[in-house]
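Reviewing the structure listed below.
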Amino acid sequence: MCGIVGVSNHRDAAKIIFLSLYALQHRGEEACGIVSYDGKKIYAEKTTGLVADSFDERSVAHLKGSFAVGHTRYSTTGSSSAKNIQPFLATHKGRPIAIAHNGNLTNTEFLSEQLEDGGSIFQTTMDSEMIVHLLAKTKNGDLKSWMTEALCQLKGSYSLVFLVGDVLIGARDPFGFRPLCLGMINDAYILASETCAFDLVGARFVREIEPGEIVFIKSGRIESSFLPLGNKKCKAQCVFENIYFARPDSHIFHDNVYSVRKRLGAQLAKEHPVKKADFVMAIPDSGSYAALGYAQASGLPLEIGMIRNHYIGRTFIQPAQFLRDFRVRVKLNPIRDILKGKKIVVVEDSIVRGTTSRSRVEELRKAGVKEIHFRVSCPPIRFPCFYGIDFPSKKELVASKKSIKETARFIQVDSLKYLSLSGMLSVMKNSQQFCHACFDGHYPEVVPQKAGKYLLEKGCK
Ligand code: AMP
């Protein structure tokens, strides 16, 4: 995953990026960076850690200029080392280039072999660096054809925000796996992964960048062009952005994420009701919106059975060995008084490995719950993602190793039901425009290299 943002023509460009990265923190907590440009010089500040810990007034003030791009990193490819922190910086024919990438390229092995044979030397292990090398090799004259020719060679998922000198560029791959939105702050343009960033900086949401679209923003004017689509006529927006990843206050893929999650919950209640339960509760926070939808549709009351501690840093002091479950309990604590002796419906957005769900259920049992009916607002995740969601290999996905009955036994619930694939798609606007390969293994393109070999072996499309 990752969060990306870019601003053009605003005197507080770096400050806007800094605040936007705050809003996009959920898309990557590992590292963050801001690069700005004042027409003459490039300024960069990149570091590991959270946005709030990495930047302050002083460090942002040092980032001069009215053009800037920023990035929050969650590494799905490339190691977590400092040199892999984005935005990636380069100079080409005297022009500075800064690039922030969200997504996962799937033909990097082929491209890097070709590029290295042609003399390229890579500084990082990020697939995003490939894009800069492709640009350097591309001969085409004007900016539009230069970009188009380079991006056409990429496979996989990419939402990109570039600075090429004083031109801000936004691009989305032809399938549109990852979101990218366009906004305006007075007469300055802003691009960001999600609209929640716009709300924080007082920007007006204009529209989403379309799959396959490239926008060029210069001197307050925007120009749009499209990549030649070839056989990529279908859209394949990542359905998991709606289920879990994006913030519920964002508007992406032409819908509000909060509303989508509530509709998923309502559909789940329709497909898998529980008779005479005392109440519905969520595993906070991710299951909260679907739980609300489930409760409203089923007519059951909604309770908050677990309280989340919002003050946990990522590296809290390791407790003594005798506090074995400390890690689980410090984050979520069940409320015994309302749980004891109850028959409950527990709603979670998804199950990946099953380990978190299992430990939450264990806590609920210890709090004295009598019956737990676990409901999941998406189908079982059985296939890995090659497009940027950190879904592990098949052997780590509980639903690809165990049947639903076995999974229910593993997480120790009285019943376990998942939303059906058709039910999930029925609540999405433009349901045919989503990638749901993690549920059914139907990938939108033939995935090359290692991934492709793996898929072929498994008989996936
Ligand atoms: P588990 O029961 O261990 O599978 O954890 C399930 C919770 O982790 C759900 O809220 C998931 O949505 C969330 N989750 C989301 N993305 C991932 C991921 N890439 N890897 C692991 N867990 C994830």
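Quick one: compute a quarter of the convex hull surface over the Cα atoms of the stretch 261-451 and quote it in nm².
Answer in nm², one decimal: 12.4.
Taking only Cα atoms, what is the 0 to 90° angle, nearest 10, from helix 449-458's long axis to the longest principal axis of the chain?
For helix 449-458, the angle is close to 30 degrees.
Can you give the percent of C-alpha pairs in the chain whose distance is more than 33 Å?
When every Cα pair of the chain is considered, 38 percent fall beyond 33 Å.
Can you give the helix-only mean residue ellipticity at 222 nm for the chain, where every DSSP H stretch with n ≥ 4 adds -39500 (n - 2.57) and the sum goes over all residues, rounded to the nearest 500 deg cm²/dmol?
Result for the chain, helices only: -7500 deg cm²/dmol.
Past the 22 Å Cα-Cα mark, which pairs from K262/K395; K155/K402; K46/K235; K40/K93; K41/K93; K343/K366?
K262/K395; K155/K402; K46/K235, as the Cα separations exceed 22 Å there.
What does the convex hull of the alpha-carbon atoms of the stretch 3-233 project to on average, in nm²?
The Cα convex hull of the stretch 3-233, projected and averaged over all directions, gives 11.3 nm².
When the scattering of the stretch 335-431 is computed by the Debye formula from its Cα atoms alone, each counted once and equally, what is log10 I(q)/I(0) at q = 0.10, 0.11, 0.14, 0.18 Å⁻¹?
Debye output, listed in q order: -0.30, -0.37, -0.57, -0.86.
Dipole of the chain (Lys/Arg Cβ +1, Asp/Glu Cβ -1, origin at the Cα centre): which of V201, L425, C385 lies farthest to the positive side?
Farthest along the dipole direction, towards plus: L425.
Loop only by DSSP, 13 or fewer other Cβ within 10 Å of the Cβ. Give me the trypsin sites (Lys or Arg not before Pro) in the stretch 54-140 that pass, ordered by residue number.
K93, K139
If one takes the longest principal axis of the Cα atoms in the chain, at what angle in degrees, from 0 to 90 and to the nearest 10, does the Cα axis of helix 257-271 lie?
Rounded to the nearest ten degrees, it is 30.
Relative to a virtual label point 7 Å from the Cα of Q123 in the Cα→beta-carbon direction, which members of the stretch 94-116 show backbone nitrogen distances below 14 Å?
Under cut-off, by backbone N: 94-100.
Given the options L300, S286, S225, identify the residue whose Cα lies farthest towards the positive end of the charge dipole of the chain (+1 on Cβ of Lys, Arg; -1 on Cβ of Asp, Glu).
Sorting the options by dipole projection puts first L300.
Read-outs: derived from the displayed coordinates by stated rules, not from any lab. As the structure is a computational prediction, the values presented were derived from the model and not from experiment. Here the Cβ is made from the backbone with ideal geometry for all residues, glycine too, and neighbour counts use every protein chain on show.
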